[in-house]
Amino acid sequence: MFVTQLQPSLLLLPLLESVLCTASTASTQALRPEWEMKNLGKNMSADDLQRFLVNHKAGMKKKIECIFEGKKNADTKRLLKKVYTQLYITEGEFKEVNKEHEILKMDKAFSVQKSQEKQINCNEIFNEDNRVVLTKGIAGIGKTVSVQKFILDWAEGNANKNIDCIFLLPFREINLIKDEKCLHELLQDFYPEVKKLTCFCFDGLDESRLPLEFSTSMVTSETEKAPVNALITNLIEGKLLPSALIWITSRPAAANQIPSEYVSLFTEVRGFTDKQKEAYFKKRITNENEANEIISQIKKSRSLYIMCHIPIFCWITATVLQAMLVQKNGEEIPATLTEMYIHFLLIQMNTKNQKYDDKVERDVKKLLEMNKGMILKLAKLAFKQLINGNIMFYEEDLIECGIEVHVDSECSGMCAEIFKKESVLYERKIYCFIHLSIQEFLAALHVFNSYLNKNMNELKFFFSEDPPKDTQLDVLLKKVVDKAKETENGHLDLFLRFLLGISLESNQKLLQGILTDTQFNKKSINKVIQYIRQMQNNYVDLPPETSINHFFCLMELKDESLYKQIKKYLCTDSLPDRALSSSNCSTLAYLMLMSGDVFEELHPKQFNPSNSAYRRLIPAVRCFRKAWLAGCELTEECWEAVASALEVENSALRALDLSDNYRFEKGAKLLSDGLKSPHCKLEILRLARCHFSQSSCAELTSALLSISSSLTELDLSNNDLRDTAVELLFAKQENVFYKLQVLRLSWCNLTEKSCSFLSSILYTLRELDLSNNDLWDSGMKHISEGLSNKQCKLRTLGLSGCLVTKEGISFLASALRLNSLSVLKDLDLSYNNPEDRGEQLLSDLRNNPNCKLETLKMEPKSGQFMKAGIKKCDPDVSERE
């Protein structure tokens with residue numbers, strides 16, 4: 001989409017005058033020289049300009065105020081304002097443009113929603129800082145509808161009143177332009193009825209067949225002719241109309257065609273949240289009881305409920321379930337993706353028969369037989385275009401598959417239900433399925449039907465050499481499993497799930513009118529199931545996305561063995577008899593995320609000692625109350641998962657141990673963001689021996705104040721905190737850590753100054769470890785002041801290696817002797833130099849009937865430990881480097 005905010009005196013008037021003076025029938029007629037246009041612009045009146053703007057807004061409103069649900073006819077025409085449901089759109093980072101499979105990408109996106117991520121209102125994407133906006137989102141997620149709603153709100157004067165003109169330029173139509181154009185001519189091609197202007201809009205970058213080559217040819221004038229792709233790149237770069245605002249929408253895999261340096265704002269359409277899903281169904285289905293029943297049915301199948309994040313899948317699901325509820329013929333509600341799409345196909349065929357053939361056919365087999373020819377032609381088209389990566393087709397593509405649109409009445413009816421055609425530039429038609437998943441389903445139907453009919457030429461794509469006609473079904477299905485595993489972006493993953501689903505006897509029976517020669521070989525199906533299981537168990541480097549898709553493949557085959565195996569670890573505290581494979585770790589994490597349940601404790605290493613395997617469980621950390629991740633060698637992605645677990649609404653995480661994850665500075669930043677979330681309710685946080693730098697410690701310290709009211713245990717040992725961090729945390733008139741009971745700060749490069757801040761919080765603490773800090777006797781004086789407080793609840797105090805002499809011990813002994821209410825039971829003064837006098841004081845203290853000391857550790861002791869910076873040699877403690 002291209003949006004422009006124009007300065008009339010500089011651009012709009014001369015271009016408007018130029019078009020007014022152009023022959024009205026020649027949309028590609030050469031423009032006058034730029035200098036002549038500008039001279040003509042001086043003679044334009046403000047009334048002419050205003051009249052154009054009013055007419056243009058009215059035209060744009062008429063063009064986009066209605067949308068079509070699926071097929072494009074009067075029955076599916078809806079006012080956009082009435083059916084529009086708010087989408088979840090967020091501001092992101094350009095690094096998130098990725099090659100993940102779209103459906104799994106969507107699952108993941110909703111499983112790690114962050115409270116701190118910035119939700120975007122499309123009407124607010126443009127400001128002084130944002131000139132080029134790139135929005136990504138998977139197929140059917142609502143990108144185009146978002147663009148339409150943006151334009152409608154502008155046209156009705158409800159938003160972006162500062163923008164003069166908006167023009168919608170879909171890439172699917174730009175593809176048809178082969179000649180060189182100037183910018184003015186390009187706009188005239190799209191808006192021939194508007195012979196008074198120039199300006200733009202870009203939607204569907206993933207549908208573009210044009211190579212976008214940046215910084216190659218420069219176009220700076222709107223009258224200079226160039227290839228259309230050069231016009232687009234120069235607009236984005238700001239060389240052409242540098243004041244223009246640009247919005248580009250794209251599916252994820254194509255979004256990286258736009259270099260990040262040209263993108264001011266990067267957003268993502270994430271589809272519906274759970275609340276928005278329900279809102280959609282209640283708008284779509286006016287009968288409240290029916291709507292609630294459908295929502296209830298969808299929730300019973302987790303995989304279907306997940307897919308309903310995609311608006312068009314909501315429509316498919318509502319279409320199927322509403323029809324089944326109305327008919328009340330006792331059929332079971334579809335439980336798998338394949339079953340849902342077979343029922344959708346049956347419903348659309350019935351609709352087609354009633355509308356175009358004036359027939360109502362209740363017999364499923366006869367219904368499909370009546371439409372078999374055209375379904376198989378469309379299935380062939382779907383497969384050929386899928387393997388070529390195309391989702392838009394032209395008439396020659398249809399003719400190649402035996403579909404003659406102009407003479408085939410059957411095609412006209414079929415196209416209206418599952419296939420779309422649109423008249424675009426030069427009256428040329430563009431075709432596509434109503435959603436990519438329909439194309440994937442029909443492609444799978446074509447492959448299975450080709451196998452049944454021994455048409456092996458159609459199956460060459462999956463084999464390295466021509467497959468023999470007696471190829472067994474399991475051989476074919478294994479080849480497709482392998483092929484899907486090898487493809488980038490997982491663009492065959494959904495196709496594979498459909499193909500495996502169709503191979504089941506129950507689904508073949510539903511498709512009998514099309515599949516004349518059904519074949520169900522239980523032995524073959526079992527071989528495929530075993531093949532997928534072995535791949536899950538034996539492949540060390542199987543990508544998580546592939547592992548998860550394999551899980552869904554088994555579900556389509558109605559094999560729940562892996563699900564039951566994994567489910568066992570979700571429902572009990574039992575650990576696996578043997579280490580889970582990397583693949584099964586991915587599947588376990590996914591199931592945990594999708595279950596919606598909260599589990600007690602996560603110990604990743606107990607499932608598999610290999611870091612490449614157990615790290616795959618880290619994304620599921622948000623499902624646990626306690627996560628023990630010490631020494632897990634966390635990567636950046638792991639830290640992000642942990643942070644998101646703290647940020648998610650209703651975060652369940654209460655205890656988190658991240659100790660011994662060394663020197664990952666970015667981890668400190670990510671963790672700090674998580675701790676600052678209003679949803680973070682951590683009670684136990686352990687960060688010992690992470691060796692964060694002083695700057696990272698400062699950031700973490702600030703973040704810790706955000707959870708001060710919930711923390712009961714905090715371990716920051718072996719990090720370079722220094723006195724400044726302790727001061728920030730504890731040098732306040734009011735103790736904000738009023739629930740804190742355990743505080744460990746050994747090896748933190750502290751001095752006696754920190755003791756003055758800590759003495760005031762001893763009345764809440766049960767355990768304090770200050771070992772291996774240079775606290776000296778002056779620090780003991782401050783600690784003693786806290787110990788003498790009658791409210792002091794301290795039971796364990798670690799002061800090993802703190803440069804304490806007999807003077808410091810005298811402070812401690814005096815405080816404990818005078819405070820008859822002291823409950824201190826364990827005191828560690830090893831690696832200090834108490835001398836004889838200090839030892840005697842402590843011995844006398846232990847003989848005092850008011851003293852509660854049970855454990856007093858003083859060995860080793862020596863004057864050699866009294867040099868600042870020299871630390872004791874304890875094999876249980878890692879030395880700082």
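In region 486-522, what residues are surrounded by fewer than 19 Cβ atoms within 10 Å (Cβ to Cβ), among the basic types (Lys, Arg) and assigned by TED's automatic domain parsing to the domain that holds residue 338?
509, the sole residue that qualifies.
This table checks each residue for (1) modelled with pLDDT under 80; (2) surrounded by 20 or more Cβ atoms within 10 Å (Cβ to Cβ); (3) farther than 13 Å from residue 145 by Cα.
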site: 53; (1), (2), (3): yes, no, yes
site: 59; (1), (2), (3): no, no, yes
site: 76; (1), (2), (3): yes, no, yes
site: 103; (1), (2), (3): yes, yes, yes
site: 106; (1), (2), (3): yes, yes, yes
site: 121; (1), (2), (3): no, no, yes
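Is it the case that residue 627 is touching a Pro at 6+ places or on another chain (Cβ under 6 Å) and surrounded by 22 or more Cβ atoms within 10 Å (Cβ to Cβ)? Give the steps one after another, and end with the answer.
Details: touching a Pro at 6+ places or on another chain (Cβ under 6 Å): no; surrounded by 22 or more Cβ atoms within 10 Å (Cβ to Cβ): yes.
No: the conditions fail for residue 627.
Residue under question is residue 637, and the condition is that it be among the acidic types (Asp, Glu) and touching a helix residue (DSSP H, G or I) at 6+ places or on another chain (Cβ under 6 Å); does it hold?
Details: among the acidic types (Asp, Glu): yes; touching a helix residue (DSSP H, G or I) at 6+ places or on another chain (Cβ under 6 Å): no.
Considered against the rule, which asks whether it is among the acidic types (Asp, Glu) and touching a helix residue (DSSP H, G or I) at 6+ places or on another chain (Cβ under 6 Å), residue 637 comes out as no.
If you take the residues of region 642-690 that are polar (S, T, N, Q) and in contact with a helix residue (DSSP H, G or I) (Cβ under 9 Å, 6 or more places away or on another chain), which of them is nearest to residue 628 (Cα to Cα)?
Our first condition is that a residue be polar (S, T, N, Q); within region 642-690, this holds for 644, 650-651, 659, 661, 672, 677.
Cutting the leftovers down to in contact with a helix residue (DSSP H, G or I) (Cβ under 9 Å, 6 or more places away or on another chain) gives us 644, 651, 661, 672, 677.
On the way: 644: 16, 651: 16, 661: 12, 672: 18, 677: 21 Å.
Among those that are polar (S, T, N, Q) and in contact with a helix residue (DSSP H, G or I) (Cβ under 9 Å, 6 or more places away or on another chain), it is 661.
Quick one: in region 62-74, of everything that is within 19 Å of residue 316 (Cα to Cα) and surrounded by 15 or more Cβ atoms within 10 Å (Cβ to Cβ), which residue is modelled with the highest pLDDT? Walk me through how you get there before you give the answer.
Narrowing region 62-74 to residues within 19 Å of residue 316 (Cα to Cα): 67-74.
Imposing the further condition that a residue be surrounded by 15 or more Cβ atoms within 10 Å (Cβ to Cβ) reduces the set to 67, 69-72.
Working: 67: 80, 69: 70, 70: 61, 71: 59, 72: 62.
Only one residue tops the list, namely 67.
Going by the conditions given, is residue 258 within 22 Å of residue 124 (Cα to Cα), at pLDDT 85 or above and assigned to a loop (DSSP other than H, G, I, E, B)?
Working: within 22 Å of residue 124 (Cα to Cα): yes; at pLDDT 85 or above: yes; assigned to a loop (DSSP other than H, G, I, E, B): yes.
Criteria met by residue 258.
Which of the residues belonging to region 706-727 are buried (at least 19 other Cβ atoms within 10 Å of the Cβ) and in a loop (DSSP other than H, G, I, E, B)?
Result: 711, 716, 717, 718, 719, 721.
Search region 632-659 for residues being part of a loop (DSSP other than H, G, I, E, B) and in contact (Cβ under 8 Å) with a residue 60 or more places away in the chain, and hand back the single one that is surrounded by the most Cβ atoms within 10 Å (Cβ to Cβ). Please lay out each step first, then the result.
If we filter region 632-659 for residues that are part of a loop (DSSP other than H, G, I, E, B), which is where we start, we get 632-635, 648-654, 658-659.
After this cut, where a residue has to be in contact (Cβ under 8 Å) with a residue 60 or more places away in the chain as well, the list is 648-649.
Numbers: 648: 20, 649: 10.
Selected residue: 648.
Test of understanding: among 229, 234, which residue is surrounded by fewer than 21 Cβ atoms within 10 Å (Cβ to Cβ), more than 30 Å from the chain's Cα centre (by Cα) and modelled with pLDDT of 85 or more? Spell out how you get there, then give the answer.
Working: 234 fails: surrounded by fewer than 21 Cβ atoms within 10 Å (Cβ to Cβ).
Just a single option satisfies the conditions, and that option is 229.
Residues that are farther than 23 Å from residue 496 by Cβ, modelled with pLDDT of 85 or more and surrounded by fewer than 20 Cβ atoms within 10 Å (Cβ to Cβ): does region 371-390 have at least one?
Yes, there is a match, as at least one residue in region 371-390 is farther than 23 Å from residue 496 by Cβ, modelled with pLDDT of 85 or more and surrounded by fewer than 20 Cβ atoms within 10 Å (Cβ to Cβ).
Quick one: in region 563-585, of everything that is loosely packed, with under 15 Cβ neighbours inside 10 Å and over 14 Å from residue 551 (Cβ atoms), which residue is modelled with the highest pLDDT?
568
Of (1) in contact with a strand residue (DSSP E or B) (Cβ under 7 Å, 6 or more places away or on another chain); (2) closer than 24 Å to residue 229 by Cα, residue 154 satisfies all except one. Which?
In the conditions (1) in contact with a strand residue (DSSP E or B) (Cβ under 7 Å, 6 or more places away or on another chain); (2) closer than 24 Å to residue 229 by Cα, residue 154 misses (2) alone.
Of 297, 276, which residue is buried (at least 17 other Cβ atoms within 10 Å of the Cβ), in contact (Cβ under 8 Å) with a residue 60 or more places away in the chain and not in a loop (DSSP other than H, G, I, E, B)? Outline the logic, then answer.
Details: 297 fails: in contact (Cβ under 8 Å) with a residue 60 or more places away in the chain.
None of the other options fit; the residue is 276.
Only one residue in 760, 706 is of a type outside the set (A, V, I, L, M) and farther than 25 Å from residue 791 by Cβ. Which one?
Values: 760 fails: farther than 25 Å from residue 791 by Cβ.
After ruling out the rest, the residue left standing is 706.
The values are calculated or read from the model by the stated rules, or taken from the named source; none is laboratory data. These figures come from a predicted structure and were not determined experimentally. Cβ atoms come from the backbone with ideal geometry, glycine included; neighbour counts cover every protein chain shown.
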